[in-house]
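Structure first, then comments.
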Protein chains: 2
Amino acid sequence: MDKTATRTRIQTKNRQAILDAGLAVFSQQGFRGATLDQIAKAAGLSRPNLLYYFPSKEAIHVVLLAGLLDTWLDPLRALDAGGNPVDEVLAYVRRKLELSRDFPRESRLFANEILQGAPRIGAALSGELKELVDEKAAVIRGWAAAGQIAEVDPYHLIFSIWAMTQHYADFDVQVHAVLGPERADPYPSAGAYLDTLFRSLLTPRNVT
Amino acid sequence: MDKTATRTRIQTKNRQAILDAGLAVFSQQGFRGATLDQIAKAAGLSRPNLLYYFPSKEAIHVVLLAGLLDTWLDPLRALDAGGNPVDEVLAYVRRKLELSRDFPRESRLFANEILQGAPRIGAALSGELKELVDEKAAVIRGWAAAGQIAEVDPYHLIFSIWAMTQHYADFDVQVHAVLGPERADPYPSAGAYLDTLFRSLLTPRNVT
DNA sequence: CGTTGCTTTGACCGAATGGTCAAATCAAGC
DNA sequence: GCTTGATTTGACCATTCGGTCAAAGCAACG
């Protein structure tokens, strides 16, 4: 019963083109701001043709959001309670930053959804997202209790990692406006900065 | 020639109601996603009545964005080259966080504008925003060179302050979903966390 | 080459949207 | 209470939007 089993070559190609176009448009305009014409044009199809592949605008959006949270949380899932605490967190930061660099549209799609009050993924936020964060927060708290990292609020630590890594994707225009054309790619220096930032936060000091 | 000089009491009241309603709707739906009916309803006026006070949807949006950047940058302007470096930065973080707590809709309005590619304030970003940041970045670089704070990229430092403080306004729904109902107000703990974070980053270590 | 099923399109529809306008209502000073 | 100007409204309009549908085009296979 694989949904992709009975797909023509044309079908897979056009579905992909539509999802790609939808991602581009939704991530910039939000759901309400996006129009089917914009998406159809970006996909190189006529509007009725687009609606031959997806039953509605909503359907495209749903498919896009569906896979999103999962991919987005993968780096956090990989945080290993058995590894070296500081390295684990820094590796998480690095993976998250790479995600922003490689999939900025996905990041902006997510940002739009949250800004609008998460009408379509609110349940997943207080469900699987909260569960995962609770679990990993406990791990971090454990490390702190064992003196392997400094005492920090694990929730705010995670929030700050999200905020800073996604900032480079979501506020891309602002970052480039401020840095100017000469510093076109902010990611190398951002990576170094974030590394320093979280290392200095987590590295245990001379305990009093 | 003060624009407010010839305003009736009713005018000032209704204009304010409209701007307030517009802020609420635009900050959640973005410009394209917002409708005049939503704004009119939120302002307690009929749509034609609303258009008696503002000539168009765009006009409301423009007025809202106009004052925004200025208010938003005030805390950074207050960063004093003559003060104690670490204290100055930490005070900046605190002021910025207060802005997020007290004016979350303004923060989201700004976020929406940037997400959409800053079509209306792009010029101000590479203009006055860049100028101000360049100036303050130079101040921070000076502090680092003098050994008063640790060596950090001043631009990324500023980005990280923006990202983390605004995160609590823009991603409010997500923050609350993750923290759950028992930790309703994240701001006190966020303030403490950010204080620790940036203090540990900036405090000069035993220089090698 | 003809049939069958997949794909594409032009024409169309109802609803929503931004905006206009003339007429009605209201408030305030005389 | 009457007049004048500010305010409010209902009716209306053109455009855009999401979506439908029947018919046309096309590819593949016998």
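The ratio of the alpha-carbon radius of gyration of the range A:37-154 to the globular-protein estimate 2.2 N^0.38 Å is 1.38. The mean of 1/r over all distinct Cα pairs in the protein assembly as shown, once inverted, gives the Kirkwood hydrodynamic radius of 23.1 Å.
Could you tell me what a quarter of the Cα convex hull surface of the range A:115-160 works out to, in nm² with one decimal place?
Details: hull surface 14.0 nm².
Result: a mean projected hull area of 3.5 nm².
Annotation for B:A81 and B:I10: the two label points, set 7 Å from Cα along the Cα-Cβ direction, are 5.3 nm apart.
In a DSSP loop and with at most 16 other Cβ atoms within 10 Å, there are no GluC sites (Glu not before Pro) in the range A:91-143.
As a test of the formula, what do you get for chain B when each DSSP H run with n ≥ 4 contributes -39,500 (n - 2.57) and the sum is divided by the residue count, at 222 nm and rounded to the nearest 500 deg cm²/dmol? Display every interim value, and only then the final one.
Working: 10 runs with 148 residues, N = 208.
It lands at -23000 deg cm²/dmol.
Taking 20 Å as the cut-off, the amide N atoms of the range A:145-169 that come nearer than this to a point 7 Å along the Cα-to-beta-carbon line of B:A192 belong to A:145-161. For A:H61, what charge total do you get from the other residues with a beta carbon under 12 Å from its beta carbon, if Lys and Arg give +1 and Asp and Glu give -1? Once all neighbours under 12 Å are counted, the net charge is +1. Peptide B:28-35 shows a mean partner chain C-beta count of 6 within 10 Å per residue C-beta. As a length-normalised measure over Cα pairs under 8 Å and 6 or more apart, the relative contact order of chain A settles at 22 percent. P(r) tail, the range A:114-208: Cα-Cα pairs separated by more than 23 Å, 44% of all pairs.
Treat the range A:43-104 as a sphere of radius equal to its Kirkwood radius over Cα pairs and apply Stokes-Einstein at 10 °C in a medium of 1.306 mPa s; give the translational diffusion coefficient in µm²/s, rounded to a whole number. Kindly include the intermediate steps, with their values, before the conclusion.
On the way: Rh = 14.3 Å.
Translational D for this selection: 111 µm²/s.
Enter the mean number of other protein chain beta carbons within 10 Å of the beta carbon of each residue in B:184-191, as an integer.
Numbers: counts 0, 0, 4, 0, 0, 3, 5, 1.
Averaged over the peptide's residues, the number is 2.
Sorted into 10 angstrom bins from 0, the C-alpha pair distances of chain A split as 8, 28, 29, 22, 10, 3, 0 percent. Each other copy holds its own label point for B:P48; taking that point as 7 Å from Cα along Cα to Cβ, the gaps run 3.8 nm, nearest first. Computed from the Cα positions only, the extents of the range A:1-55 along the three principal axes stand at 34, 20, 16 Å, in decreasing order.
Coordinate-derived values only; no laboratory data. Just so it is clear, the structure is predicted and the values come from calculations on it, not from any experiment. Using ideal geometry, Cβ is built from the backbone for each residue, glycine included, and neighbour counts are taken over all protein chains shown.
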